[in-house]
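Colleague: Before I ask anything, here is the structure I am working with.
The values are calculated or read from the model by the stated rules, or taken from the named source; none is laboratory data. This one's a predicted model, so the numbers in the text were calculated from it and none came from an experiment. Note that each Cβ is placed from the backbone with ideal geometry, even for glycine, and that neighbours are counted across all protein chains shown.
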Amino acid sequence: MSDLHTRISPHCIEKVLKTALSQGWLREEDTAAIFYDLTFLKYRISQLVSAFPDTTLHGLAIKANPLLRIMKKVHSMAPNIGVETASIGEVNLALKTGHPAHHIVYDSPVKTHFELKYAIAAGVHINIDNLTELARIAHLVADQTTQSTFGIRINPQVGVGMILESSVAGEYSKFGVPMKSRRSELESAFYTYPWLTGVHLHVGSQGCSLQLLTDGIGVLYDFVIEVNKKREMKGFPPVSVFDIGGGLPVSYRHDQQAPSMEEYVSAIRNRAPNLLTKFRLITEFGRWVYTNAGWTVSRVEYVKHDPGINTAMIHVGADLFVRECLNPRDWRHEYSAFNPDGKLKTGIDAIPYNLAGPLCFSGDILAKKVNLPLVKEGDYLVIHDSGSYTFSMWSRYNSRQTPRIIGYLNDGKQFEILKERETLEELYNFWR
Ligand SMILES: Cc1ncc(COP(=O)(O)O)c(C=O)c1O
């Protein structure tokens, strides 16, 4: 069985890869493929759902993994699974995959008039990014009846995590309304608009400690408690929707510990005692749900030997692993090598490997100086824990075909195609 609690081990992958190869799920043209362990994914969803009250809406971040077949599957796993969307395109994906509007959370820092009208007509929950957007919405709701509910994104300004580029709760952030310098405008917004019944924050993605995440929640919680006293005096409904965003980190390596969802919820309970019972919570997890459920496999096309370094030339690089190639210090995976039949290779070659992608720039290197067993042409290289922020960030540079994406259950007892490898014709049509 997969280790459902943490990560999928190389031995579990060996079993699945061998079966997939022997049954023809990886064909000659499938130079690379992405696999999702759907049993593992189901377990993650059940952990998420059981950690929070049943009234919580879990808006899974589409940006982490927009595969429609997966979205449909997770949607059916629990009645309170919705989606967090970062663009009108994602709102449309969510509506088309059957998510009811009230299970769709629309976040984006650049929503146009047209997009706001569309979202309000659809009746999705909208997290307003800034005070100008708030003024636009005030006009729209004055002459449009809607089922939409509205929150405002607040930057709690509690600091940055270990990865600067994915931290959004520092003193400055391009997202949301900063709590310290705009507190009075925020208060007056809540005392002006009775329909403004929600708050939203997102502290960052990966690299944020439980302390930082709950500090952010605490700042908004204290604020809402204050605001609700005055709203009650004015006869306004209370602020009752509290969107805590995503950002729970995961483990990418055996030496990297990640907190559990239960630990996070208990830290929230300590900091904001009534949050779980008195508010309608929204969560927006992406990485925590998908990362450890997915792995990528590439055939090793060539191995180059240079003094002191080998280079394994593989079929995915900065097209699938944008962050890893551009910011390798912060984004590192573990790798395993398998022979052409899918048998796990063991031992360590005396010379380390650079893992080079197929793209036409020298920075297209997934990882440098990786210790691996002896790797040969025709072997397979697996990039572990690559189920989120990989395919969703696919780059069209060099016009390579997107890989086949395969789901499996129970360690490979059942397989299914989640997305077919792109054909040359489809690729041609993209550029037309
Ligand atoms: C507003 C918002 N919500 C949720 C997420 C998902 O974060 P994660 O995948 O780390 O849970 C992000 C990611 O950056 C985000 O920007």
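Colleague: When both residues are 6+ apart or on different chains and their Cβ atoms are under 9 Å apart, which pairs have a first residue that lies in the range 252-277 and is not assigned by TED's automatic domain parsing to the domain that holds H333, and a second that is among the acidic types (D, E)?
Modeller: Y252/E334; Y252/D385; R253/E334; R253/D385; H254/E334; R271/D215; A272/D222
Colleague: So, one more: Quick check on my filter: what residues within the range 47-101 are in contact (Cβ under 8 Å) with a residue 60 or more places away in the chain and surrounded by fewer than 17 Cβ atoms within 10 Å (Cβ to Cβ)?
Modeller: Q47, P53, T55, R69
Colleague: Continuing with this model, one more query. Can you name the residue in the range 124-143 that is surrounded by fewer than 16 Cβ atoms within 10 Å (Cβ to Cβ) and among the small types (G, A, S) and, of all such residues, is farthest from the ligand (Cβ to nearest atom)?
Modeller: Here the answer is A142.
Colleague: Further question on the same structure: Do we find that G357 is in contact (Cβ under 8 Å) with a residue 40 or more places away in the chain, over 25 Å from C325 (Cα atoms) and touching a strand residue (DSSP E or B) at 6+ places or on another chain (Cβ under 8 Å) in this structure?
Modeller: So G357 does not fit the description; no.
Colleague: Does at least one position in the range 144-160 carry a residue that is in contact with a strand residue (DSSP E or B) (Cβ under 9 Å, 6 or more places away or on another chain), assigned to a helix (DSSP H, G or I), surrounded by fewer than 20 Cβ atoms within 10 Å (Cβ to Cβ) and not hydroxyl-bearing (S, T, Y)?
Modeller: Checked the range 144-160: no residue is in contact with a strand residue (DSSP E or B) (Cβ under 9 Å, 6 or more places away or on another chain), assigned to a helix (DSSP H, G or I), surrounded by fewer than 20 Cβ atoms within 10 Å (Cβ to Cβ) and not hydroxyl-bearing (S, T, Y).
Colleague: Considering every residue within the range 289-299, establish whether at least one is in a helix (DSSP H, G or I) and either away from the ligand (no atom under 16 Å from the Cβ) or aliphatic (A, V, I, L, M) (or both).
Modeller: Yes: one or more hits.
Colleague: Can V168 be described as among the hydrophobic types (A, V, I, L, M, F, W, C) and closer than 16 Å to I244 by Cβ?
Modeller: Yes, satisfied.
Colleague: With part of a helix (DSSP H, G or I), touching a helix residue (DSSP H, G or I) at 6+ places or on another chain (Cβ under 9 Å) and within 16 Å of the ligand (Cβ to nearest atom) as the only criterion, which of L276, L213 stands out?
Modeller: L213
Colleague: Tell me which residues, restricted to the range 161-202, are in a loop (DSSP other than H, G, I, E, B), small (G, A, S) and without any contact (Cβ under 8 Å) to a residue 12 or more places away in the chain.
Modeller: Hits for the range 161-202: nothing passes.
Colleague: Further question: Only one of (1) touching a strand residue (DSSP E or B) at 6+ places or on another chain (Cβ under 9 Å); (2) not in a helix (DSSP H, G or I) is not met by V250, so which one is it?
Modeller: For V250, the failing item is (1).
Colleague: Within the range 410-431, which residues are among the polar types (S, T, N, Q) and touching a strand residue (DSSP E or B) at 6+ places or on another chain (Cβ under 8 Å)?
Modeller: Passing the criteria: only Q414.
Colleague: Kindly provide the set of residues from the range 228-267 that are more than 16 Å from the ligand (Cβ to nearest atom) and more than 22 Å from G218 (Cα to Cα), ordered by number.
Modeller: M233, K234, G235, F236, R253, H254, D255, Q257
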